[in-house]
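The values are calculated or read from the model by the stated rules, or taken from the named source; none is laboratory data. Please read these numbers as outputs of a predicted model, since none were measured by experiment. So basically every Cβ, Gly included, is an ideal-geometry build from the backbone, and we count neighbours across all protein chains shown.
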Amino acid sequence: MRPSLGSGGDVVRHVHDLARDGHRVLLGITGAPGAGKTTFADRLAALLRASAPGGLHDDWVVRLPMDGFHLADCQLARLDRLARKGAPDTFDTAGYVALLERLVLDRDETIYAPAFERDLEQPVAGSICVSPSTRVLITEGNYLLLADGGWERVREVLDEVWYLELDDAERRRRLVARHERFGKSKAEARDWVNGTDERNAEMVAHTSARADLHVVSTVLDASGVVQPATPRLS
């Protein structure tokens with residue numbers, strides 16, 4: 001079991017250590033819906049850019065969201081899955097794995113990856129640029145530790161996966177606020193959080209013991225403490 005990382009600086013040093021031998025590092029950030037994965041990944045990327053090794057620039061670290069592989073609404077409607085948008089089978093899992101594998105193997109070409117546009121609630125192709133000089137890729141999403149449905153191949157590609165944790169009441173509050181911000185009424189937002197989001201959260205929670213590290217969601221704002229993963233009793 002790894003020791004605790006005692007500060008935000010320790011978090012950065014840990015990622016630097018992963019990248020020390022020159023290979024391209026793929027770091028996964030996972031956790032339940034609303035745990036703060038995107039915010040955490042953005043802050044970690046900013047800290048890493050501010051501490052780029054000599055000779056490297058901001059593009060040495062790139063954030064690559066799993067959400068870029070959401071199926072478009074037209075496809076979800078065709079498959080009769082639109083009401084479950086965000087569930088594991090509403091993503092192009094094979095496409096996500098194929099991109100991750102290419103990012104490990106292909107260090108000579110510039111690679112373009114999709115992002116997810118929250119205002120549109122749709123994936124947007126070619127939004128993210130991974131250059132040959134990119135050394136660290138931070139990918140965040142709910143299902144990085146799932147053991148079936150094709151998702152098991154994701155864990156095989158990633159160097160480490162950190163499980164992000166947040167108090168459940170606060171996590172649900174943030175989810176309701178997010179859904180309202182992007183167009184749902186309060187009642188619709190609560191129904192979605194208590195239904196689709198909560199089913200997904202329970203599924204993701206059962207994967208937490210497979211993580212390399214457990215991380216408090218606010219860790220980069222507070223002490224920076226990252227706790228080693230501990231198995232949970234079911």
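Before moving on, here are some points about what is shown:
- Residue 26 vs. criteria more than 22 Å from residue 160 (Cβ to Cβ), touching a Ser or Thr at 6+ places or on another chain (Cβ under 8 Å) and at pLDDT 90 or above: no
- Residue list for the range 89-121, restricted to those being touching a Leu at 6+ places or on another chain (Cβ under 7 Å), over 26 Å from residue 60 (Cβ atoms) and either aliphatic (A, V, I, L, M) or part of a helix (DSSP H, G or I) (or both): 90
- Qualifying positions in the range 29-64 - of a type outside the set (A, V, I, L, M, F, W, C) and touching a strand residue (DSSP E or B) at 6+ places or on another chain (Cβ under 7 Å): 30, 31, 36, 37, 38, 42, 49, 63
- Residue 132 satisfies every condition listed in (1) within 30 Å of residue 192 (Cβ to Cβ); (2) free of Cβ contacts under 8 Å to residues at least 40 places away in the same chain; (3) not basic (Lys, Arg) except (1).
- Of all residues in the range 142-161, those being closer than 13 Å to residue 30 by Cα and assigned to a helix (DSSP H, G or I) number 2.
- Remark: residue 183 matches the filter, which requires a residue to be on the phi > 0 side of the Ramachandran plot and not charged (D, E, K, R).
- Sole residue being outside any loop (DSSP other than H, G, I, E, B), under 18 Å from the mean Cα position of the chain (by Cα) and either under 23 Å from residue 87 (Cβ atoms) or among the hydroxyl-bearing types (Ser, Thr, Tyr) (or both), chosen from 124, 176: 124
- If only residues of the range 91-104 that are crowded, with 18+ Cβ neighbours inside 10 Å and not charged (D, E, K, R) are counted, the one that is nearest to residue 192 (Cα to Cα) is 91.
- Boolean, residue 173 is more than 28 Å from residue 48 (Cβ to Cβ), out of contact with any strand residue (DSSP E or B) (no Cβ under 6 Å at 6 or more places or on another chain) and among the basic types (Lys, Arg): yes
This table checks each residue for (1) in contact with a Gly (Cβ under 7 Å, 6 or more places away or on another chain); (2) in contact (Cβ under 8 Å) with a residue 60 or more places away in the chain.
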site: 48; (1), (2): no, yes
site: 51; (1), (2): no, no
site: 68; (1), (2): no, yes
site: 88; (1), (2): yes, yes
site: 121; (1), (2): no, yes
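- Subset of the range 159-213 that is basic (Lys, Arg) and surrounded by fewer than 15 Cβ atoms within 10 Å (Cβ to Cβ) - its residue that is farthest from residue 33 (Cα to Cα): 186
- All positions within the range 105-135 that are out of contact with any helix residue (DSSP H, G or I) (no Cβ under 6 Å at 6 or more places or on another chain), surrounded by 14 or more Cβ atoms within 10 Å (Cβ to Cβ) and among the β-branched types (Val, Ile, Thr): 111, 128, 130
- Criterion: hydrophobic (A, V, I, L, M, F, W, C), crowded, with 16+ Cβ neighbours inside 10 Å and closer than 27 Å to residue 170 by Cα - qualifying residue of 48, 44, 26, 71: 44
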